[in-house]
Amino acid sequence: MKAAQINEYGTDVVEINNNAGMPATSPGKVLVKVHAAGVNPFDWKICEGYVNQSRKFSFPITIGGDFAGTVIDVGEGVVQYEKGDSVYGSGLFLSGGSGTFAQFVSTGENLLAMKPEKASYQEAAALPLVGVSALDVLSHKMKLQKGQKILIHGGSGGIGSMAIQIAKHMGAYVATTARKDRALYLEDLGADEIIDYKEEIFEEKLQEYDAVFDTVGTETYRRSFQVLRKGGIIVSMLEQPDKELMDRYHVNSLAQSTRITSDSLRKLSGLFDNGVIRVSIDRVFSLDEAAHALEYQRNGTVKGKVVIALLQEG
């Protein structure tokens, strides 16, 4: 089996192993032939060692979390899936999967759902982490309501793109920060107001917002408190809550840690099949180009999602 793996942590450590061991079909696990794998910032962060150092992981590690493919075998106790099913979900090694930048992946049935009927394998592979993150933050962490105002940072990225569409579906007024050349793309997603973060100061333009969804971190996170009304909320994908800022501005702040489940994936499938969300694929790489795909994602200029294709569509 071919797989993209690392044998150490660093910035240029991805290797293609043409003789990687086939994942085992163990109890509670599903073995899937991977058609496509989604690329996320978390993938290159794993390569560089941004994992829990208190846990020791054995090399080689097959990287990748998001994927879509076809079930080829199921382990003892698996009742939801059978051979031939088209599924999507997470196969991240940190969650007990075998890694998805590979021709085959083994993962728990609780990390899978049937692929959205109207999605291609590449589209489905691009959905899990970004879609579940956006859905969880807006619906559960923020409990966003119709008529409320939300600022979404990094609107043209994977999570931001999903969040804009879901927030508009929920009836919110959506402002977003992005590069000027992303304006038409963001308007097409439904953004009501687009702020060029290189030329404009968002906290001077926006006031009394109900919520901020931060996918950027650092100073952007800290400046965002000025946008919120008293009692508002900011949820960050990257930063831990800053109590001093929370007390100063009388707002709530939460850190997002996304947990992909079958239930969340099924909800995401419904949104896709009902036309509420769509995914924009910026660029498709082959498995042999996995290192280049990670570097492209790392550069931070992605519009939507990056995907690794293992099988041709159609």
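Based on the Kirkwood radius over alpha-carbon pairs, what is the Stokes-Einstein translational diffusion coefficient of the chain at 20 °C with 1.002 mPa s viscosity, in µm²/s? Display every interim value, and only then the final one.
Values: Rh = 19.9 Å.
Translational D for this selection: 108 µm²/s.
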Per its Cα gyration tensor (rounded if a/c is under 1.5, else prolate when a/b beats b/c, else oblate), the stretch 75-222 is best filed as prolate
Taking every other residue with Cβ under 11 Å from the Cβ of Lys149 and scoring Lys and Arg +1, Asp and Glu -1, one gets -3
In the stretch 27-102, the GluC sites (Glu not before Pro) that sit in a DSSP loop and have at most 11 other Cβ atoms within 10 Å of their own Cβ are Glu76, Glu82
In terms of the alpha carbon gyration tensor, root eigenvalues a ≥ b ≥ c, rounded if a/c is under 1.5 and otherwise prolate when a/b exceeds b/c or oblate, the stretch 177-284 is oblate
For the stretch 246-303, shape from the Cα gyration tensor axes a ≥ b ≥ c, cut at a/c of 1.5 then a/b versus b/c, turns out oblate
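Could you work out [θ]222 nm for the chain from helices alone, using -39500 (n - 2.57) per DSSP H run of at least four and dividing by all its residues? Round to the nearest 500 deg cm²/dmol. Don't skip to the answer; put the middle values down first.
Details: 10 runs with 78 residues, N = 314.
For the chain, the value works out to -6500 deg cm²/dmol.
If the only charges are +1 at each Lys and Arg Cβ and -1 at each Asp and Glu Cβ, what is the size of the charge dipole of the chain around the Cα centre, to the nearest 20 debye? The partial results should precede the final answer.
Numbers: 33 positive and 39 negative charges, 117 e Å.
Computed about the Cα centre, the dipole is about 560 debye.
In debye to the nearest 20, how big a dipole does the stretch 39-179 give about its Cα centre with +1 on each Lys and Arg Cβ and -1 on each Asp and Glu Cβ?
Details: 12 positive and 11 negative charges, 165 e Å.
Dipole size: approximately 800 debye.
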Given chymotrypsin sites (Phe, Trp or Tyr not before Pro), DSSP loops and at most 15 other Cβ atoms within 10 Å, the longest exposed-site-free stretch of the chain is 58-314
Here the percent of antiparallel bridges among DSSP beta bridges lying wholly in the chain, to the nearest 5, is 55 percent
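May I ask you to derive the relative contact order of the stretch 129-255, considering only C-alpha pairs under 8 Å and at least 6 residues apart, and to give it as an integer percent? All intermediate terms of the calculation are to be shown ahead of the outcome.
Details: 255 pairs, mean separation 26.7, N = 127.
Relative contact order of the stretch 129-255: 21 percent.
Here, each number is a calculation from the coordinates, and none is a lab measurement. Given the structure is predicted, the values throughout are model-derived calculations rather than measurements. Heads up, the Cβs are rebuilt from the backbone with ideal geometry, glycines too, and the neighbour counts pull from every protein chain shown.
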